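Asker: Shown below is the structure under consideration.
The values are calculated or read from the model by the stated rules, or taken from the named source; none is laboratory data. Here the structure is a predicted model, which means the values were calculated and not measured. Don't worry about glycine lacking a Cβ; one is built from the backbone with ideal geometry, like all the others, and counts go over all protein chains shown.
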Amino acid sequence: MKTIFKNKKISSIVSVVPKEEYRFDDEYPGFKLTPDKAKRFKKMMSLDRHRIAPPEVCSSDLCLFGLQHLLNEGALKREEIGALVFVSQTPDYFMPATSNVIHGKLGLGHDVICLDINQGCAGFLLGLMQAFLLLEIAAIRKVVLLNGDTCSKQMDKCNRVSYPLTGDAGSVTVIERCEAENPIYTAVKNDGSRHKAIMIPAGAFRTPSTPETLKLHEVEEGVVQNLEHIHMDGAAIFSFTMEDVPPQIDEILSFSGDTRESVEHFLFHQPNPFILRQMAEKMKIPQEKLPNNIVSLFGNCSSVTIPLNIAFNCREQLVKGSSRVCLSGFGVGLTWISMVLDLGPLEVCKIVEL
Amino acid sequence: MNTLEFCQRLADILDIVEVKPENVLGEFEQWDSLAVLSVLAMVDSKYRVTIRANEIRSVVTVGDLAKLVEAKLGEAKQKQ
């Protein structure tokens with residue numbers, strides 16, 4: 001499915017990471033990895049460090065911190081917020097929606113729409129789409145899109161394939177209408193038949209939580225998990241990213257009338273540097289145009305990887321001017337969404353620590 | 001497809017000196033989920049064919065894997 005959003009712009013992005021940073025070199029003894037295997041794994045996935053939130057810090061705390069930062073800086077006023085969209089797969093509660101909880105903590109007026117979206121990897125782009133649609137309501141001046149995930153809490157700390165690659169983070173994006181047409185070309189695809197590729201099998205209502213679902217199993221050496229942890233079919237996901245995402249990138253470039261030359265930055269979701277290098281090579285995109293450094297420095301933080309990628313890699317450029325970018329989020333669902341747009345200048349574009 | 005070259009590429013991934021067609025993949029110490037990913041990536045990059053998750057799980061020996069890649073190459077040629 002393709003569409004073009006018009007007269008909408010992103011005006012600020014703040015990404016929030018926990019101040020607690022852990023290095024792979026310190027953690028690997030806990031993963032049942034021999035020094036040789038650890039070295040091989042570290043090299044293959046370019047692992048270095050990641051940010052992990054302490055137990056008492058939730059996704060909403062990271063997002064709220066970022067939002068308060070924007071309010072304190074004067075870049076956003078409470079009365080301008082017409083809608084709060086919270087995208088996460090690690091909400092505070094099953095009920096109520098976390099956006100409602102955040103609304104209460106901010107003391108916002110009653111004329112505000114609160115909406116939670118359950119999405120991960122493609123969650124920043126799905127959230128943007130929702131924001132653009134909400135801005136069709138004249139009474140909404142600005143939409144605040146909050147993306148946050150603490151996936152480290154959805155796995156065992158000893159799981160050597162998941163834990164080292166994971167990071168916790170939140171982001172706040174302010175979206176509003178603009179005079180200029182500023183077309184945002186968007187392509188969306190879903191394939192629920194492959195939903196088991198990235199899944200937490202138990203703990204909700206299909207397979208409720210029991211002492212059985214919390215029992216740890218070692219599926220292969222050093223890979224410990226229970227049924228309430230994230231299960232990933234690595235091979236299926238690899239095939240998906242190599243087969244389904246490149247055609248969507250071709251589709252969106254053709255749709256927007258762009259080429260690999262006219263797009264300055266390909267700011268993709270960051271599952272790990274290995275897959276991103278393979279993708280760039282396959283799509284014949286120069287490696288320097290497709291940053292793959294976020295996992296090495298922060299970990300894969302689900303839908304936050306894209307705003308973190310933008311804030312870390314393009315901050316200087318985007319606060320001064322604009323850049324033609326291609327964004328792409330792909331993963332859990334399976335869902336894959338891509339956009340081509342002129343991004344910037346941004347009022348605020350930064351990373352803060354909680 | 002050059003089987004010797006394929007075996008050498010597999011040996012590089014597994015970080016061992018030599019790999020033979022009769023070797024059983026599951027018996028290599030280094031044959032884990034990461035090795036599988038590296039193989040999928042190598043096959044995509046060097047042979048330009050895609051192996052699916054279920055296909056790689058169904059092969060037993062190095063020779064079986066080589067035959068799978070060969071079959072995919074044959075399919076690709078037919079499509080041209």
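Asker: Only strands (runs of 3 or more DSSP E) wholly contained in region A:142-254 count here; list those with 2 or more residues that are within 14 Å of chain B (Cβ to nearest Cβ).
Answerer: Numbers: elements: A:142-149, A:169-177, A:184-190, A:217-220, A:223-225.
Counting at least 2 such residues, we get A:217-220, A:223-225.
Asker: Do you know which residues across region B:19-33 are among the hydrophobic types (A, V, I, L, M, F, W, C) and over 18 Å from A:R40 (Cβ atoms)?
Answerer: We begin by selecting, within region B:19-33, every residue among the hydrophobic types (A, V, I, L, M, F, W, C); these are B:19, B:24-25, B:28, B:31.
Correct list: B:V24 only.
Asker: Take the conditions surrounded by fewer than 16 Cβ atoms within 10 Å (Cβ to Cβ), basic (K, R) and in contact (Cβ under 8 Å) with a residue 24 or more places away in the chain and apply them to A:K6. Does it pass? Reasoning before the result, please.
Answerer: Details: surrounded by fewer than 16 Cβ atoms within 10 Å (Cβ to Cβ): yes; basic (K, R): yes; in contact (Cβ under 8 Å) with a residue 24 or more places away in the chain: yes.
It is true that A:K6 is surrounded by fewer than 16 Cβ atoms within 10 Å (Cβ to Cβ), basic (K, R) and in contact (Cβ under 8 Å) with a residue 24 or more places away in the chain.
Asker: Turning to a different aspect of this structure: Here's a check for you: in region B:38-59, which residue that is in a loop (DSSP other than H, G, I, E, B) and more than 7 Å from chain A (Cβ to nearest Cβ) is surrounded by the fewest Cβ atoms within 10 Å (Cβ to Cβ)? Working first, answer last.
Answerer: Our first condition is that a residue be in a loop (DSSP other than H, G, I, E, B); within region B:38-59, this holds for B:48-52, B:59.
Next, from what is left, pick out any that are more than 7 Å from chain A (Cβ to nearest Cβ): B:48-49, B:51, B:59.
Numbers: B:R48: 11, B:V49: 16, B:I51: 21, B:V59: 19.
Residue satisfying both the conditions and the ranking: B:R48.
Asker: Has region B:60-72 got at least one residue that is at pLDDT 90 or above, surrounded by 13 or more Cβ atoms within 10 Å (Cβ to Cβ) and touching a strand residue (DSSP E or B) at 6+ places or on another chain (Cβ under 7 Å)?
Answerer: yes
Asker: Where residues in region A:289-346 are charged (D, E, K, R) and not in a strand (DSSP E or B), which of them is surrounded by the fewest Cβ atoms within 10 Å (Cβ to Cβ)? Spell out how you get there, then give the answer.
Answerer: Looking only at region A:289-346, we keep the residues that are charged (D, E, K, R), and these are A:289, A:315-316, A:320, A:324, A:342.
Next, only the ones that are not in a strand (DSSP E or B) stay: A:289, A:315-316, A:320.
Details: A:K289: 16, A:R315: 18, A:E316: 9, A:K320: 11.
So the residue we want is A:E316.
Asker: Answer yes or no as to whether A:S328 is away from chain B (no Cβ under 14 Å), more than 13 Å from the chain's Cα centre (by Cα), farther than 24 Å from A:E353 by Cβ and small (G, A, S).
Answerer: On the way: away from chain B (no Cβ under 14 Å): yes; more than 13 Å from the chain's Cα centre (by Cα): no; farther than 24 Å from A:E353 by Cβ: yes; small (G, A, S): yes.
In short, no.
Asker: Give me the residue from region B:15-26 that is under 19 Å from B:L68 (Cα atoms) and either part of a loop (DSSP other than H, G, I, E, B) or free of Cβ contacts under 8 Å to residues at least 40 places away in the same chain (or both) and, out of that set, farthest from the other protein chains (Cβ to nearest Cβ). Show your work before the answer.
Answerer: Going through region B:15-26, the residues under 19 Å from B:L68 (Cα atoms) turn out to be B:19-26.
Add one more test, that the residue is either part of a loop (DSSP other than H, G, I, E, B) or free of Cβ contacts under 8 Å to residues at least 40 places away in the same chain (or both), and what stays is B:19-24, B:26.
Working: B:V19: 16, B:K20: 22, B:P21: 22, B:E22: 24, B:N23: 19, B:V24: 16, B:G26: 11 Å.
Once the filter is applied, the top-ranked residue is B:E22.
Asker: Moving to a separate point now. Within region A:265-284, is even one residue of a type in the set (A, V, I, L, M), within 14 Å of another protein chain (Cβ to nearest Cβ) and more than 21 Å from A:I337 (Cα to Cα)? I'd like the intermediate steps shown before the answer.
Answerer: Narrowing region A:265-284 to residues of a type in the set (A, V, I, L, M): A:267, A:275-276, A:279-280, A:283.
Add one more test, that the residue is within 14 Å of another protein chain (Cβ to nearest Cβ), and what stays is A:275-276, A:279-280, A:283.
Those left that are additionally more than 21 Å from A:I337 (Cα to Cα): none.
No.
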